[in-house]
Amino acid sequence: TLASASSSSDSDTVVLGLATHSPHSQTTSAIHFNRSVVNNLSSSMQANGAGQGQESSELSCLNSAQNGESSSAGGTHSNGLLSSTDNGNTVGTSNGSSAGPGSGTSVASSTSGSELGSLKKKKRLSQAEEDVIRLIGQHLHGLGLNQTVDLLMQESGCRLEHPSATKFRNHVMEGEWDKAENDLNELRALMHSPNAIVVNFLSVFTSVSGQRMKFLLLQQKYLEYLEDGKVLEALQVLRGELTPLKYNTDRIHVLSGYLMCSHAEDLRAKAEWEGKGTASRCRLLDKLQTYLPPSVMLPPRRLQTLLRQAVELQRDRCLYHNTKLDSNLDSVSLLLDHVCSRKQFPCYTQQILTEHCNEVWFCKFSNDGTKLATGSKDTTVIIWQVDPESHQLKMLRTLEGHAYGVSYLAWSPDDTYLIACGPDDCSELWLWNVQTGELRTKMSQSHEDSLTSVAWNPDGKRFVTGGQRGQFYQCDLDGNLLDSWEGVRVQCLWCLSDGRTVLASDTHQRIRGYNFEDLTDRNIVQEDHPIMSFTVSKNGRLALLNVATQGVHLWDLQDRVLVRKYQGVTQGFYTIHSCFGGHNEDFIASGSEDHKVYIWHRRGELPIAELTGHTRTVNCVSWNPAIPGLMASASDDGTVRVWGPAPFLDSQDNCSNMDS
């Protein structure tokens, strides 16, 4: 019944007192409402002819559990989470939590049949809506807002987790390991009962999963005994409980070694364990929850996981995303969709390098991104220094004496050396010390030879080189011949990270793998047209090919399948070098005989940008491996263009946005 109503002139809060009666006690609970809410409620009731009795009934319903369940005894919230208690009774809350055991009965006990009928008339929640409510409840619980979770579950009629899971959680957090083990048996029985909550989970919740969960529980129990100095009890757990499981014997041997730890700090360090307490038990619960179906116990921090996945998906779908995304949700706004502007992308000319006096055939950034090497028909190689702040390039030194011109360059893995090769009729190779500008090796096997391509072994002590005259060689830094492979007319070379396999494209329109250790070779890629050049991704999985009259093709070297053909580029029989680039090598760039640079997202066949500015064929493109927003292109027009983001928002747009 409505006991009293009070208000004050200087307050916007109305306090309604609810009196509940039982044979043994009388309890009055206070519910605080905003004054405007109460006024609106009263006006609505009067307009519908509601009497005093109906008003009392509605207020009573506000304080009852709509799913027909009252809070558990012993101080447990209706959402299954522990609450604070006072002398064994649940402490009353101003937000409408149910009365404790001492009150004899909850306010919900006064609900009449008509009120229950009105509850049934409420809209039934869909499965998706229930899932969302549970996710919100779990997140609020993680923030410590347990009373808010209580109200959310009561009003929605949902349950945060199964009561058996709640009991299991509480026993784990309180360190009651024997009870937690019994809970495991109860959960197992729940999964295998005729009315199992998740039928599809039966195949997952096997005896093996049960063993894993029990092992994790006993491991925590064992470590806590050790930390408390209860060595005999710990030994009993090890011998009498863990060992008989016959599960993960290697781990049991490791655990037995912890018996020798002299103090708790030593134990925590060797076991890489937080120690007895809330932190380690929460981590244990996170592991245990992975073995339970979500309808029984939600996976840890499920809402955060879904939000993070959503942010990552938006980033992956963003055509111009080119920066590393912090996995911490605090670094992004959840209120706005992720969008990257094209003006943040490297498709604006930042610098034009004109120091070469003839066609520029090749360009390549060093592995650390601090330098750029360019090779030209003018017989020189120019080394450029990249300013770490402004990203402007400044000429560092010129390497001269390449009589046939420079058509290919390769940095050593540590960027100490640079190898320069010439065009088809060049039989010489130059190995330069970049730091000193000194020529370490000038190599030539035969005047009839052709050394037009080169690749470094990952150890930095060897390299392979060859050409279209019928062989390729493996040499040391002094140019001494270590091995050779005859009968292969090489167009381009690459050394894989295993240090044994050399990839070579040949005149048979294929790429084969050659192993110098066991002298075996195998076919990997077969095209229908000549392969003019190719490059390999950092992980060694993908190869990017420039194919005569066809354009740019992406191959999966592991599965040996053609993944994608990129459109737009003009590729005849000139040698054009394309590249992977950007953050996580998500992008592909290539020169073209139509004087443009084309950029694609790796997943899309249509270009996302066409860069104009060169006036003749663009022979080579190189993307800075350390600065995702920096790229260089070399052209027959004698220039090297450096590309970066727009210098300012109203910059003239020389990057065509393509629909993809």
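The values are calculated or read from the model by the stated rules, or taken from the named source; none is laboratory data. All values derive from a computational prediction rather than experimental measurement. Cβ: placed from backbone, ideal geometry, glycine included. Neighbour counts: every protein chain shown. Ligands, DNA and RNA are excluded from the accessible area calculation, which covers all protein heavy atoms including side chains. Shrake-Rupley method; radii C 1.70, N 1.55, O 1.52, S 1.80 Å.
I need the full set of residues from the range 442-460 which are open to solvent by less than 40 Å² (accessible area, probe 1.4 Å), part of a loop (DSSP other than H, G, I, E, B) and hydroxyl-bearing (Ser, Thr, Tyr), in order please. Let's see the steps before the verdict.
If we filter the range 442-460 for residues that are open to solvent by less than 40 Å² (accessible area, probe 1.4 Å), which is where we start, we get 443, 449-457, 460.
Imposing the further condition that a residue be part of a loop (DSSP other than H, G, I, E, B) reduces the set to 449-452, 457, 460.
Across the range 442-460, the qualifying residues are 450, 452.
Among the candidates 231, 204, single out the residue that is open to solvent by 30 Å² or more (accessible area, probe 1.4 Å) and either polar (S, T, N, Q) or at pLDDT below 85 (or both).
So the residue among 231, 204 that is open to solvent by 30 Å² or more (accessible area, probe 1.4 Å) and either polar (S, T, N, Q) or at pLDDT below 85 (or both) is 204.
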Quiz item: In this structure, is residue 439 over 34 Å from the mean Cα position of the chain (by Cα), farther than 27 Å from residue 556 by Cβ and part of a strand (DSSP E or B)?
Solution: yes
Exercise. Only one of these is farther than 27 Å from residue 581 by Cβ, surrounded by 20 or more Cβ atoms within 10 Å (Cβ to Cβ) and touching a residue at least 24 places away in the same chain (Cβ under 8 Å): 475, 492. Name it.
Key: 475
Quiz item: (1) open to solvent by less than 20 Å² (accessible area, probe 1.4 Å); (2) under 22 Å from residue 553 (Cβ atoms); (3) of a type outside the set (Phe, Trp, Tyr); (4) out of contact with any Lys or Arg (no Cβ under 7 Å at 6 or more places or on another chain): which one isn't true of residue 504, the others all being true?
Solution: (4)
Self-check item: Failed criterion for residue 240 (all others in (1) farther than 15 Å from residue 178 by Cα; (2) surrounded by fewer than 15 Cβ atoms within 10 Å (Cβ to Cβ) hold)
Solution: (1)
Quiz item: Within the range 180-197, is there a residue that is among the polar types (S, T, N, Q) and at pLDDT below 55?
Solution: yes
Self-check item: Extreme residue, nearest to residue 405 (Cα to Cα), among residues of the range 623-648 that are touching a Ser or Thr at 6+ places or on another chain (Cβ under 6 Å), open to solvent by 10 Å² or more (accessible area, probe 1.4 Å) and of a type outside the set (Lys, Arg)
Solution: 636
Practice problem: Output the residues belonging to the range 529-544 that are outside any loop (DSSP other than H, G, I, E, B) and either over 13 Å from residue 574 (Cα atoms) or open to solvent by 10 Å² or more (accessible area, probe 1.4 Å) (or both). | Solution: 532, 534, 535, 536, 542, 543, 544
Exercise. For residue 463, work out the one condition from (1) within 37 Å of the chain's Cα centre (by Cα); (2) buried (at least 20 other Cβ atoms within 10 Å of the Cβ); (3) part of a loop (DSSP other than H, G, I, E, B) it doesn't fulfil.
Key: (3)
Quiz item: If we keep just the residues of the range 548-579 that are open to solvent by 20 Å² or more (accessible area, probe 1.4 Å) and assigned to a strand (DSSP E or B), which is nearest to residue 503 (Cα to Cα)?
Solution: 555
Practice problem: Go through (1) within 20 Å of residue 376 (Cβ to Cβ); (2) of a type outside the set (Val, Ile, Thr); (3) over 26 Å from the mean Cα position of the chain (by Cα); (4) open to solvent by less than 20 Å² (accessible area, probe 1.4 Å) one by one and return the number of the condition residue 598 breaks. | Solution: (1)
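Looking only at the range 478-489, count every residue that is assigned to a loop (DSSP other than H, G, I, E, B) and exposed (fewer than 14 other Cβ atoms within 10 Å of the Cβ) and tell me the total.
Matching residues across the range 478-489 total 3.
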